[in-house]
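What follows is a set of notes on a single structure, which appears directly below.
The values are calculated or read from the model by the stated rules, or taken from the named source; none is laboratory data. Bear in mind that the values here come from a model prediction, so they are computed numbers and not experimental data. Backbone-built Cβ (ideal geometry, glycine too); neighbour counts: all protein chains shown. These accessible areas exclude ligands, DNA and RNA; they are computed on the full protein's heavy atoms, side chains included. Shrake-Rupley method; radii C 1.70, N 1.55, O 1.52, S 1.80 Å.
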Amino acid sequence: MFQCSISSGLLAHTGPTLPFKINYPPKSQPPRHCFAATIAPPLHHRSAMAAASNDRRTRGFKRWMKFHGIECSDALLISTENSGADDLSISVKALCDLKEGDVVATIPKQSCLTVKTSAASHLIEEAQLGGYLGLAVALVYEKSLGPQSKWFQYLQILPPFEPIPLLWSLPEIDSLLSGTELHKIDEYHGSGMVPLADLFNHKTAAEDVHFTSVSSSSESDTDAESGKENADDEGDGDDEPIAPDFHSETEGFSGSDLELSSVSGNEPTFLEMIIIKDVKAGVEVFNTYGSLGNAALLHRYGFTEPDNPFDILNIDLDIVVQWSLSLFSCRHGRRRLSLWRKMDYSGCFSQDSEYFEISLDGEPQVELLVLLYIMLLPEEEFLELDLALSATGEVKETSNFRLLKKESFLSTKDSEVNKKLLLTQSVCRALSSLADARESFYGPNSLEEDIRSFNECCRATDPKLYHSLLLRISERRIIEKLRYFAASGAGISRTASKTRKRKRVGRGNKMSPEIWVLVHAVAAVISVIYGIQTENA
(Lines give C-alpha, C1' and ligand atoms only; values in the text may rest on other atoms or scores of the structure.)
Protein backbone atom coordinates (compact mmCIF):
# COMPACT_ATOMS: atom_id res chain seq x y z
CA MET A 1 0.00 0.00 0.00
CA PHE A 2 1.41 3.38 -0.97
CA GLN A 3 1.57 5.70 2.04
CA CYS A 4 2.06 9.44 2.20
CA SER A 5 1.83 12.15 4.80
CA ILE A 6 1.48 15.91 4.53
CA SER A 7 3.54 18.09 6.84
CA SER A 8 4.12 21.86 6.60
CA GLY A 9 2.94 21.89 3.03
CA LEU A 10 5.51 19.24 1.95
CA LEU A 11 4.74 15.74 0.76
CA ALA A 12 6.94 13.03 2.29
CA HIS A 13 6.53 9.36 1.52
CA THR A 14 7.65 6.02 2.84
CA GLY A 15 7.25 4.11 -0.39
CA PRO A 16 8.65 4.40 -3.92
CA THR A 17 8.26 7.56 -5.96
CA LEU A 18 5.28 6.93 -8.21
CA PRO A 19 2.58 8.98 -9.92
CA PHE A 20 -0.80 8.64 -8.25
CA LYS A 21 -4.40 9.83 -8.39
CA ILE A 22 -6.29 11.42 -5.51
CA ASN A 23 -9.45 9.39 -4.84
CA TYR A 24 -12.24 11.26 -3.12
CA PRO A 25 -14.95 9.76 -0.93
CA PRO A 26 -18.36 9.24 -2.52
CA LYS A 27 -20.69 12.25 -2.72
CA SER A 28 -17.79 14.65 -2.29
CA GLN A 29 -16.69 17.04 -4.98
CA PRO A 30 -13.07 17.16 -6.14
CA PRO A 31 -11.28 20.46 -5.80
CA ARG A 32 -11.34 22.80 -8.73
CA HIS A 33 -7.83 21.82 -9.90
CA CYS A 34 -7.48 18.06 -10.04
CA PHE A 35 -4.04 16.79 -11.00
CA ALA A 36 -1.71 13.82 -11.07
CA ALA A 37 1.45 14.24 -8.97
CA THR A 38 4.78 12.55 -8.48
CA ILE A 39 5.96 12.46 -4.90
CA ALA A 40 9.64 13.21 -4.40
CA PRO A 41 11.72 13.53 -1.23
CA PRO A 42 12.86 16.97 -0.04
CA LEU A 43 15.96 18.47 -1.61
CA HIS A 44 18.29 17.71 1.30
CA HIS A 45 17.11 14.08 1.29
CA ARG A 46 17.82 13.85 -2.43
CA SER A 47 21.33 15.25 -1.88
CA ALA A 48 22.00 12.68 0.83
CA MET A 49 20.71 9.90 -1.41
CA ALA A 50 22.89 11.13 -4.29
CA ALA A 51 25.95 11.21 -2.02
CA ALA A 52 25.28 7.65 -0.86
CA SER A 53 24.84 6.55 -4.48
CA ASN A 54 28.13 8.22 -5.41
CA ASP A 55 29.92 6.41 -2.61
CA ARG A 56 28.52 3.07 -3.80
CA ARG A 57 29.64 3.77 -7.36
CA THR A 58 33.12 4.77 -6.19
CA ARG A 59 33.49 1.58 -4.13
CA GLY A 60 32.24 -0.46 -7.08
CA PHE A 61 34.78 1.19 -9.39
CA LYS A 62 37.63 0.45 -6.97
CA ARG A 63 36.61 -3.22 -6.83
CA TRP A 64 36.42 -3.23 -10.63
CA MET A 65 39.94 -1.77 -10.95
CA LYS A 66 41.33 -4.43 -8.61
CA PHE A 67 39.61 -7.22 -10.56
CA HIS A 68 41.06 -5.97 -13.87
CA GLY A 69 44.59 -5.54 -12.57
CA ILE A 70 44.60 -1.74 -12.32
CA GLU A 71 46.93 -0.73 -9.52
CA CYS A 72 46.15 2.65 -7.96
CA SER A 73 48.41 4.04 -5.26
CA ASP A 74 46.95 4.44 -1.77
CA ALA A 75 48.36 7.97 -1.93
CA LEU A 76 45.55 8.95 -4.32
CA LEU A 77 42.00 9.71 -3.24
CA ILE A 78 39.14 9.53 -5.74
CA SER A 79 36.91 12.29 -4.47
CA THR A 80 33.25 12.74 -5.45
CA GLU A 81 31.32 15.86 -4.59
CA ASN A 82 27.83 17.09 -5.38
CA SER A 83 27.94 20.69 -6.57
CA GLY A 84 24.17 20.49 -7.10
CA ALA A 85 21.32 18.13 -6.41
CA ASP A 86 22.16 16.01 -9.44
CA ASP A 87 25.58 17.36 -10.44
CA LEU A 88 28.49 15.00 -9.63
CA SER A 89 32.02 16.36 -9.58
CA ILE A 90 34.93 13.89 -9.58
CA SER A 91 38.55 14.74 -8.78
CA VAL A 92 41.72 12.96 -7.71
CA LYS A 93 43.62 14.32 -4.69
CA ALA A 94 46.90 13.50 -3.00
CA LEU A 95 46.58 11.97 0.49
CA CYS A 96 50.27 12.53 1.17
CA ASP A 97 53.15 14.42 -0.38
CA LEU A 98 54.04 13.05 -3.83
CA LYS A 99 57.53 13.33 -5.27
CA GLU A 100 58.67 13.68 -8.87
CA GLY A 101 59.12 10.23 -10.42
CA ASP A 102 56.60 8.45 -8.18
CA VAL A 103 54.51 5.88 -10.08
CA VAL A 104 50.95 6.34 -8.81
CA ALA A 105 49.07 3.96 -11.10
CA THR A 106 49.57 1.05 -13.50
CA ILE A 107 46.81 0.35 -16.05
CA PRO A 108 46.76 -2.75 -18.27
CA LYS A 109 45.90 -1.83 -21.84
CA GLN A 110 43.33 -4.64 -21.99
CA SER A 111 41.30 -2.78 -19.35
CA CYS A 112 40.92 0.24 -21.65
CA LEU A 113 37.70 0.61 -23.61
CA THR A 114 38.58 0.85 -27.30
CA VAL A 115 37.08 -0.25 -30.57
CA LYS A 116 39.23 -3.41 -30.47
CA THR A 117 38.43 -4.40 -26.88
CA SER A 118 34.68 -3.71 -27.07
CA ALA A 119 32.21 -6.56 -27.39
CA ALA A 120 31.02 -4.83 -30.56
CA SER A 121 34.47 -4.80 -32.16
CA HIS A 122 33.52 -7.10 -35.03
CA LEU A 123 30.44 -4.99 -35.88
CA ILE A 124 32.42 -1.76 -35.77
CA GLU A 125 35.22 -3.16 -37.91
CA GLU A 126 32.74 -4.52 -40.46
CA ALA A 127 31.19 -1.05 -40.70
CA GLN A 128 34.72 0.38 -41.09
CA LEU A 129 34.20 2.93 -38.34
CA GLY A 130 37.21 4.52 -36.68
CA GLY A 131 38.27 7.43 -34.51
CA TYR A 132 35.70 8.92 -32.16
CA LEU A 133 32.83 7.61 -34.28
CA GLY A 134 33.94 4.02 -33.74
CA LEU A 135 34.61 4.68 -30.06
CA ALA A 136 31.18 6.29 -29.64
CA VAL A 137 29.50 3.18 -31.08
CA ALA A 138 31.58 0.97 -28.76
CA LEU A 139 30.63 3.11 -25.75
CA VAL A 140 26.90 3.12 -26.61
CA TYR A 141 26.97 -0.64 -27.13
CA GLU A 142 28.70 -1.30 -23.80
CA LYS A 143 26.26 0.98 -21.94
CA SER A 144 23.36 -0.85 -23.55
CA LEU A 145 24.63 -4.11 -22.05
CA GLY A 146 24.21 -2.74 -18.53
CA PRO A 147 25.69 -5.03 -15.83
CA GLN A 148 26.68 -7.51 -18.55
CA SER A 149 29.32 -5.12 -19.87
CA LYS A 150 32.94 -5.66 -18.88
CA TRP A 151 33.16 -1.91 -18.10
CA PHE A 152 29.86 -1.52 -16.21
CA GLN A 153 31.33 -0.27 -12.89
CA TYR A 154 33.74 2.01 -14.78
CA LEU A 155 30.95 3.57 -16.87
CA GLN A 156 28.79 4.00 -13.78
CA ILE A 157 31.22 6.47 -12.20
CA LEU A 158 31.48 8.65 -15.31
CA PRO A 159 29.03 11.53 -15.84
CA PRO A 160 26.16 10.60 -18.18
CA PHE A 161 27.15 13.37 -20.60
CA GLU A 162 29.24 16.52 -20.94
CA PRO A 163 27.80 19.79 -22.32
CA ILE A 164 29.81 19.69 -25.54
CA PRO A 165 28.43 21.96 -28.30
CA LEU A 166 27.89 18.92 -30.53
CA LEU A 167 24.88 18.14 -28.32
CA TRP A 168 23.51 21.68 -28.22
CA SER A 169 20.49 22.71 -30.22
CA LEU A 170 20.99 24.90 -33.27
CA PRO A 171 19.34 27.92 -31.56
CA GLU A 172 21.73 27.47 -28.61
CA ILE A 173 24.74 27.33 -30.93
CA ASP A 174 23.60 30.42 -32.82
CA SER A 175 22.85 32.44 -29.69
CA LEU A 176 25.69 31.34 -27.39
CA LEU A 177 28.56 30.68 -29.82
CA SER A 178 27.92 33.38 -32.41
CA GLY A 179 31.22 34.78 -33.65
CA THR A 180 33.40 32.28 -31.78
CA GLU A 181 35.71 29.69 -33.30
CA LEU A 182 33.10 27.03 -32.47
CA HIS A 183 30.32 28.53 -34.56
CA LYS A 184 31.71 26.27 -37.27
CA ILE A 185 32.29 22.92 -35.59
CA ASP A 186 35.18 20.86 -36.93
CA GLU A 187 35.78 17.14 -36.51
CA TYR A 188 38.27 15.83 -33.98
CA HIS A 189 39.64 12.32 -33.71
CA GLY A 190 40.47 10.02 -30.84
CA SER A 191 40.47 6.30 -30.18
CA GLY A 192 40.05 5.11 -26.61
CA MET A 193 39.05 5.59 -22.97
CA VAL A 194 41.50 4.89 -20.15
CA PRO A 195 39.96 3.93 -16.79
CA LEU A 196 41.18 6.01 -13.84
CA ALA A 197 42.99 8.42 -16.19
CA ASP A 198 39.58 9.83 -17.17
CA LEU A 199 38.95 10.87 -13.56
CA PHE A 200 41.86 13.32 -13.41
CA ASN A 201 40.79 16.88 -14.14
CA HIS A 202 42.61 18.93 -16.77
CA LYS A 203 44.92 21.86 -16.08
CA THR A 204 46.49 23.57 -19.06
CA ALA A 205 50.30 23.60 -18.97
CA ALA A 206 50.27 22.77 -15.24
CA GLU A 207 49.68 19.03 -15.08
CA ASP A 208 51.09 16.81 -12.31
CA VAL A 209 51.14 13.40 -14.05
CA HIS A 210 52.36 11.96 -17.35
CA PHE A 211 51.64 8.63 -18.98
CA THR A 212 54.04 6.17 -20.53
CA SER A 213 53.79 2.62 -21.89
CA VAL A 214 55.82 -0.16 -20.30
CA SER A 215 56.25 -3.87 -20.93
CA SER A 216 55.10 -6.28 -18.26
CA SER A 217 58.47 -8.07 -18.44
CA SER A 218 60.56 -4.91 -17.84
CA GLU A 219 62.14 -3.83 -14.57
CA SER A 220 60.89 -0.63 -13.00
CA ASP A 221 64.09 1.34 -13.70
CA THR A 222 64.17 0.14 -17.29
CA ASP A 223 60.49 1.05 -17.65
CA ALA A 224 61.04 4.63 -16.64
CA GLU A 225 64.01 5.04 -18.98
CA SER A 226 62.17 3.29 -21.81
CA GLY A 227 59.18 5.56 -21.31
CA LYS A 228 61.43 8.60 -21.65
CA GLU A 229 63.03 7.23 -24.80
CA ASN A 230 59.62 6.46 -26.27
CA ALA A 231 58.58 10.02 -25.53
CA ASP A 232 61.63 11.40 -27.31
CA ASP A 233 61.08 9.17 -30.34
CA GLU A 234 57.32 9.50 -30.63
CA GLY A 235 56.73 13.05 -29.39
CA ASP A 236 54.91 15.48 -31.64
CA GLY A 237 56.07 18.72 -30.11
CA ASP A 238 54.23 18.65 -26.79
CA ASP A 239 56.04 18.66 -23.46
CA GLU A 240 54.50 15.52 -22.04
CA PRO A 241 55.80 12.04 -22.89
CA ILE A 242 53.80 10.23 -25.53
CA ALA A 243 53.75 6.47 -25.50
CA PRO A 244 54.10 4.68 -28.87
CA ASP A 245 50.44 3.66 -29.10
CA PHE A 246 49.06 6.98 -27.90
CA HIS A 247 48.23 9.52 -30.52
CA SER A 248 45.87 12.29 -31.43
CA GLU A 249 45.63 13.56 -34.96
CA THR A 250 44.79 17.10 -33.96
CA GLU A 251 46.22 17.83 -30.53
CA GLY A 252 48.81 16.53 -28.12
CA PHE A 253 48.54 13.36 -26.10
CA SER A 254 45.46 12.99 -23.97
CA GLY A 255 45.13 10.48 -21.18
CA SER A 256 41.82 9.40 -22.66
CA ASP A 257 43.10 8.76 -26.17
CA LEU A 258 44.46 5.27 -26.77
CA GLU A 259 44.99 3.06 -29.77
CA LEU A 260 45.29 -0.49 -28.45
CA SER A 261 47.10 -2.82 -30.79
CA SER A 262 47.40 -6.56 -30.39
CA VAL A 263 49.74 -7.62 -27.60
CA SER A 264 52.68 -9.63 -28.86
CA GLY A 265 56.34 -10.08 -28.05
CA ASN A 266 57.88 -7.24 -26.06
CA GLU A 267 55.21 -4.72 -27.03
CA PRO A 268 54.22 -2.48 -24.08
CA THR A 269 51.13 -3.84 -22.34
CA PHE A 270 50.73 -1.44 -19.39
CA LEU A 271 50.32 2.29 -18.91
CA GLU A 272 52.04 3.99 -16.00
CA MET A 273 50.99 7.28 -14.45
CA ILE A 274 54.08 9.08 -13.17
CA ILE A 275 54.26 12.19 -11.00
CA ILE A 276 56.32 14.85 -12.83
CA LYS A 277 56.54 17.39 -10.01
CA ASP A 278 56.09 17.41 -6.26
CA VAL A 279 52.48 17.52 -5.05
CA LYS A 280 51.52 18.44 -1.49
CA ALA A 281 49.07 16.34 0.53
CA GLY A 282 45.45 17.43 0.14
CA VAL A 283 46.04 19.09 -3.23
CA GLU A 284 44.24 17.94 -6.37
CA VAL A 285 46.36 16.01 -8.87
CA PHE A 286 45.87 17.18 -12.46
CA ASN A 287 46.34 15.56 -15.84
CA THR A 288 46.45 17.44 -19.14
CA TYR A 289 44.33 16.77 -22.20
CA GLY A 290 46.87 18.50 -24.43
CA SER A 291 47.98 22.01 -25.34
CA LEU A 292 44.49 23.15 -26.30
CA GLY A 293 42.81 26.53 -26.45
CA ASN A 294 39.36 27.09 -25.00
CA ALA A 295 37.59 26.52 -28.32
CA ALA A 296 39.10 23.03 -28.61
CA LEU A 297 38.49 22.25 -24.91
CA LEU A 298 34.83 23.24 -25.13
CA HIS A 299 34.29 21.38 -28.37
CA ARG A 300 35.96 18.20 -27.25
CA TYR A 301 35.47 18.05 -23.48
CA GLY A 302 32.69 20.50 -22.65
CA PHE A 303 34.59 23.01 -20.50
CA THR A 304 36.85 26.07 -20.72
CA GLU A 305 39.66 27.53 -18.60
CA PRO A 306 40.22 31.16 -17.56
CA ASP A 307 43.52 32.65 -18.77
CA ASN A 308 44.24 29.72 -21.08
CA PRO A 309 47.78 30.27 -22.48
CA PHE A 310 46.94 28.34 -25.68
CA ASP A 311 43.99 30.49 -26.76
CA ILE A 312 44.12 31.78 -30.33
CA LEU A 313 41.80 33.67 -32.66
CA ASN A 314 41.28 33.00 -36.36
CA ILE A 315 40.65 35.53 -39.12
CA ASP A 316 39.27 33.88 -42.24
CA LEU A 317 40.74 34.72 -45.64
CA ASP A 318 37.20 35.69 -46.65
CA ILE A 319 37.36 38.61 -44.19
CA VAL A 320 40.59 39.82 -45.82
CA VAL A 321 39.00 39.54 -49.27
CA GLN A 322 35.98 41.56 -48.14
CA TRP A 323 38.27 44.22 -46.68
CA SER A 324 40.14 44.38 -50.01
CA LEU A 325 36.89 44.80 -51.94
CA SER A 326 35.98 47.76 -49.72
CA LEU A 327 39.09 49.60 -50.96
CA PHE A 328 40.04 48.16 -54.34
CA SER A 329 38.52 46.48 -57.37
CA CYS A 330 37.93 42.74 -57.50
CA ARG A 331 40.66 42.45 -60.18
CA HIS A 332 43.13 44.23 -57.90
CA GLY A 333 42.49 41.77 -55.07
CA ARG A 334 42.71 38.69 -57.33
CA ARG A 335 46.05 39.75 -58.81
CA ARG A 336 47.60 40.50 -55.42
CA LEU A 337 46.31 37.27 -53.91
CA SER A 338 47.65 35.32 -56.89
CA LEU A 339 51.10 36.88 -56.48
CA TRP A 340 51.04 36.06 -52.75
CA ARG A 341 50.38 32.41 -53.60
CA LYS A 342 53.10 32.44 -56.27
CA MET A 343 55.52 33.36 -53.52
CA ASP A 344 54.55 30.09 -51.80
CA TYR A 345 52.44 31.69 -49.08
CA SER A 346 49.19 30.31 -47.70
CA GLY A 347 47.09 30.43 -44.57
CA CYS A 348 45.99 27.58 -42.31
CA PHE A 349 43.36 25.16 -43.57
CA SER A 350 40.42 23.50 -41.86
CA GLN A 351 38.03 21.58 -44.09
CA ASP A 352 37.10 24.11 -46.82
CA SER A 353 38.19 27.20 -44.89
CA GLU A 354 41.49 29.09 -45.08
CA TYR A 355 42.35 31.35 -42.18
CA PHE A 356 45.13 33.16 -40.30
CA GLU A 357 45.91 32.69 -36.63
CA ILE A 358 46.22 35.55 -34.15
CA SER A 359 48.27 34.51 -31.11
CA LEU A 360 47.29 35.08 -27.49
CA ASP A 361 49.36 38.29 -27.35
CA GLY A 362 47.60 39.67 -30.45
CA GLU A 363 50.40 39.06 -32.96
CA PRO A 364 49.12 38.08 -36.42
CA GLN A 365 50.53 35.28 -38.51
CA VAL A 366 53.37 36.47 -40.78
CA GLU A 367 51.52 35.21 -43.85
CA LEU A 368 48.73 37.69 -43.12
CA LEU A 369 51.18 40.58 -42.83
CA VAL A 370 52.77 39.67 -46.17
CA LEU A 371 49.36 39.46 -47.86
CA LEU A 372 48.30 42.87 -46.54
CA TYR A 373 51.64 44.36 -47.60
CA ILE A 374 51.21 43.06 -51.16
CA MET A 375 47.58 44.18 -51.28
CA LEU A 376 48.63 47.73 -50.39
CA LEU A 377 51.66 48.06 -52.69
CA PRO A 378 51.46 50.91 -55.23
CA GLU A 379 50.77 49.63 -58.73
CA GLU A 380 54.27 50.39 -60.04
CA GLU A 381 55.96 48.55 -57.18
CA PHE A 382 53.55 45.65 -57.58
CA LEU A 383 54.36 45.32 -61.28
CA GLU A 384 58.08 45.49 -60.51
CA LEU A 385 57.68 42.75 -57.89
CA ASP A 386 55.60 40.61 -60.24
CA LEU A 387 58.23 41.01 -62.98
CA ALA A 388 61.07 40.12 -60.60
CA LEU A 389 59.23 36.98 -59.55
CA SER A 390 58.56 35.92 -63.14
CA ALA A 391 62.07 36.70 -64.43
CA THR A 392 64.66 34.01 -65.12
CA GLY A 393 67.71 36.01 -64.18
CA GLU A 394 67.80 38.97 -66.58
CA VAL A 395 65.99 41.21 -64.13
CA LYS A 396 67.64 42.06 -60.85
CA GLU A 397 65.69 41.25 -57.69
CA THR A 398 63.98 44.26 -56.13
CA SER A 399 64.17 45.25 -52.48
CA ASN A 400 60.50 44.33 -52.07
CA PHE A 401 61.13 40.91 -53.53
CA ARG A 402 63.99 40.25 -51.12
CA LEU A 403 61.87 41.45 -48.18
CA LEU A 404 58.86 39.29 -49.03
CA LYS A 405 60.71 36.08 -49.94
CA LYS A 406 59.39 33.32 -47.72
CA GLU A 407 62.89 32.08 -46.91
CA SER A 408 63.67 35.37 -45.16
CA PHE A 409 60.94 34.74 -42.60
CA LEU A 410 62.24 31.26 -41.86
CA SER A 411 65.55 32.75 -40.79
CA THR A 412 65.58 33.59 -37.08
CA LYS A 413 68.23 36.20 -37.82
CA ASP A 414 66.03 38.31 -40.07
CA SER A 415 62.44 37.39 -39.16
CA GLU A 416 61.85 40.07 -36.50
CA VAL A 417 63.48 42.75 -38.66
CA ASN A 418 61.31 41.78 -41.63
CA LYS A 419 58.15 41.88 -39.51
CA LYS A 420 58.92 45.46 -38.47
CA LEU A 421 59.51 46.42 -42.10
CA LEU A 422 56.13 44.97 -43.05
CA LEU A 423 54.31 47.02 -40.41
CA THR A 424 53.80 50.10 -42.50
CA GLN A 425 51.11 52.58 -41.48
CA SER A 426 48.74 51.24 -44.15
CA VAL A 427 49.27 47.62 -43.04
CA CYS A 428 48.58 48.60 -39.42
CA ARG A 429 45.38 50.39 -40.46
CA ALA A 430 44.37 47.25 -42.35
CA LEU A 431 44.93 45.15 -39.21
CA SER A 432 42.66 47.50 -37.25
CA SER A 433 39.97 47.17 -39.92
CA LEU A 434 40.23 43.37 -39.82
CA ALA A 435 39.94 43.47 -36.01
CA ASP A 436 36.73 45.53 -36.31
CA ALA A 437 35.33 43.13 -38.91
CA ARG A 438 36.10 40.10 -36.74
CA GLU A 439 34.61 41.82 -33.68
CA SER A 440 31.32 42.38 -35.50
CA PHE A 441 30.70 38.62 -35.58
CA TYR A 442 29.91 38.62 -31.85
CA GLY A 443 26.75 40.67 -32.28
CA PRO A 444 25.66 43.93 -30.64
CA ASN A 445 26.82 43.11 -27.09
CA SER A 446 30.10 44.76 -26.12
CA LEU A 447 32.97 43.01 -24.37
CA GLU A 448 32.08 44.81 -21.14
CA GLU A 449 28.52 43.47 -21.37
CA ASP A 450 29.84 39.95 -21.91
CA ILE A 451 32.05 40.32 -18.83
CA ARG A 452 29.08 41.52 -16.72
CA SER A 453 26.97 38.58 -17.92
CA PHE A 454 29.80 36.20 -17.11
CA ASN A 455 30.19 37.54 -13.58
CA GLU A 456 26.47 37.05 -13.00
CA CYS A 457 26.45 33.53 -14.48
CA CYS A 458 26.55 30.35 -12.37
CA ARG A 459 28.70 27.56 -13.78
CA ALA A 460 26.80 24.82 -11.91
CA THR A 461 23.31 25.83 -13.02
CA ASP A 462 24.05 27.10 -16.54
CA PRO A 463 27.31 25.55 -17.84
CA LYS A 464 26.50 26.29 -21.49
CA LEU A 465 26.18 30.03 -20.91
CA TYR A 466 29.19 30.06 -18.58
CA HIS A 467 31.61 28.35 -20.97
CA SER A 468 30.34 30.12 -24.10
CA LEU A 469 30.78 33.51 -22.40
CA LEU A 470 34.29 32.60 -21.24
CA LEU A 471 35.16 31.59 -24.81
CA ARG A 472 33.73 34.84 -26.22
CA ILE A 473 35.61 36.93 -23.67
CA SER A 474 38.95 35.18 -24.26
CA GLU A 475 38.64 35.64 -28.03
CA ARG A 476 37.55 39.27 -27.82
CA ARG A 477 40.48 40.08 -25.55
CA ILE A 478 42.77 38.75 -28.27
CA ILE A 479 41.08 41.17 -30.69
CA GLU A 480 41.85 43.99 -28.25
CA LYS A 481 45.49 42.93 -28.23
CA LEU A 482 45.49 42.80 -32.04
CA ARG A 483 44.33 46.44 -32.08
CA TYR A 484 47.11 47.37 -29.67
CA PHE A 485 49.62 45.49 -31.84
CA ALA A 486 48.45 47.45 -34.88
CA ALA A 487 48.63 50.77 -33.02
CA SER A 488 52.11 49.99 -31.69
CA GLY A 489 53.30 48.94 -35.14
CA ALA A 490 51.97 52.14 -36.68
CA GLY A 491 53.88 54.14 -34.07
CA ILE A 492 57.13 52.34 -34.92
CA SER A 493 56.49 52.91 -38.62
CA ARG A 494 55.92 56.66 -38.16
CA THR A 495 59.07 57.01 -36.05
CA ALA A 496 61.17 55.16 -38.62
CA SER A 497 59.69 57.25 -41.45
CA LYS A 498 60.54 60.56 -39.69
CA THR A 499 64.10 59.34 -39.02
CA ARG A 500 64.64 58.52 -42.70
CA LYS A 501 63.30 61.95 -43.75
CA ARG A 502 65.58 63.79 -41.32
CA LYS A 503 68.60 61.90 -42.67
CA ARG A 504 67.71 62.79 -46.25
CA VAL A 505 67.32 66.49 -45.40
CA GLY A 506 70.69 66.52 -43.63
CA ARG A 507 72.50 65.10 -46.63
CA GLY A 508 70.96 67.75 -48.89
CA ASN A 509 71.89 70.81 -46.81
CA LYS A 510 75.32 70.07 -45.44
CA MET A 511 78.51 68.73 -47.07
CA SER A 512 81.32 67.35 -44.94
CA PRO A 513 84.78 69.07 -45.11
CA GLU A 514 86.32 65.93 -46.58
CA ILE A 515 83.89 65.91 -49.47
CA TRP A 516 84.40 69.66 -50.02
CA VAL A 517 88.20 69.22 -50.35
CA LEU A 518 87.73 66.29 -52.72
CA VAL A 519 85.40 68.29 -54.96
CA HIS A 520 87.94 71.15 -55.23
CA ALA A 521 90.76 68.70 -56.02
CA VAL A 522 88.76 67.08 -58.83
CA ALA A 523 87.85 70.50 -60.20
CA ALA A 524 91.55 71.53 -60.25
CA VAL A 525 92.54 68.39 -62.15
CA ILE A 526 89.84 68.96 -64.73
CA SER A 527 91.01 72.56 -65.16
CA VAL A 528 94.61 71.47 -65.83
CA ILE A 529 93.56 68.78 -68.29
CA TYR A 530 91.29 71.04 -70.31
CA GLY A 531 93.40 74.21 -69.89
CA ILE A 532 90.63 76.02 -68.16
CA GLN A 533 91.83 79.11 -66.35
CA THR A 534 90.18 79.39 -62.95
CA GLU A 535 90.55 81.94 -60.31
CA ASN A 536 92.43 80.63 -57.34
CA ALA A 537 89.91 80.67 -54.59
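On the basis of the beta-carbon distance and an R0 of 35 Å, residue 136 and residue 49 show a calculated FRET efficiency of 0.70.
Across segment 314-323, rounded Karplus estimates of 3J(HN,Hα) from the backbone phi angles (6.51 cos²θ - 1.76 cosθ + 1.60, θ = phi - 60°) give 10, 10, 5, 4, 4, 5, 5, 4, 5, 4 Hz, Gly and Pro being marked x.
Working from label points 7 Å from Cα in the Cα-to-Cβ sense, the residue 331 to residue 201 distance is 6.2 nm.
Sorting 289-295, 421-427 by their mean Cβ neighbour count within 10 Å, with the most densely packed peptide first, gives 289-295, 421-427. Take the Cα of residue 388, step 7 Å toward its Cβ, do the same at residue 169, and the gap between the two points is 5.9 nm. FRET efficiency for the pair residue 417 and residue 451, taken as 1/(1 + (r/R0)^6) with r the Cβ-Cβ distance and R0 = 35 Å, rounds to 0.40. Under 5 Å between amide hydrogens, built in the peptide plane, is the criterion, and for residue 316 it picks out 356 among residues at least 5 positions away or on other chains. Between residue 381 and residue 346, the FRET efficiency from the beta-carbon distance, with R0 = 22 Å, is close to 0.45. For segment 325-364, with all protein chains in place and a probe radius of 1.4 Å, 49% of the accessible heavy-atom surface sits on carbon or sulfur. For the set 323, 340, solvent exposure ranked by accessible area (probe 1.4 Å, protein chains only) runs largest to smallest as 323, 340. Whole-Hz Karplus values for segment 144-157 come out as 5, 6, x, x, 6, 6, 4, 9, 4, 5, 5, 5, 5, 7 Hz, taken residue by residue from phi with 6.51 cos²θ - 1.76 cosθ + 1.60 and θ = phi - 60°; glycine and proline positions read x. Solvent-accessible surface of segment 103-179, taken per residue with a 1.4 Å probe and all protein chains present: 51 Å².
For segment 117-169, with all protein chains in place and a probe radius of 1.4 Å, 62% of the accessible heavy-atom surface sits on carbon or sulfur. From most to least packed by mean Cβ count within 10 Å, the peptides 123-132, 69-78 give 69-78, 123-132. Packing, taken as the mean count of other beta carbons within 10 Å per residue, orders the peptides 470-476, 51-57 from highest to lowest as 470-476, 51-57.
Among the trypsin sites (Lys or Arg not before Pro) in segment 75-167, those located in a DSSP loop and surrounded by at most 13 other Cβ atoms within 10 Å of their own Cβ are 99. In this structure, the pairs whose alpha-carbon distance is over 19 Å, taken from 62/109; 419/481; 62/116; 93/277; 62/277, are 62/116; 62/277.
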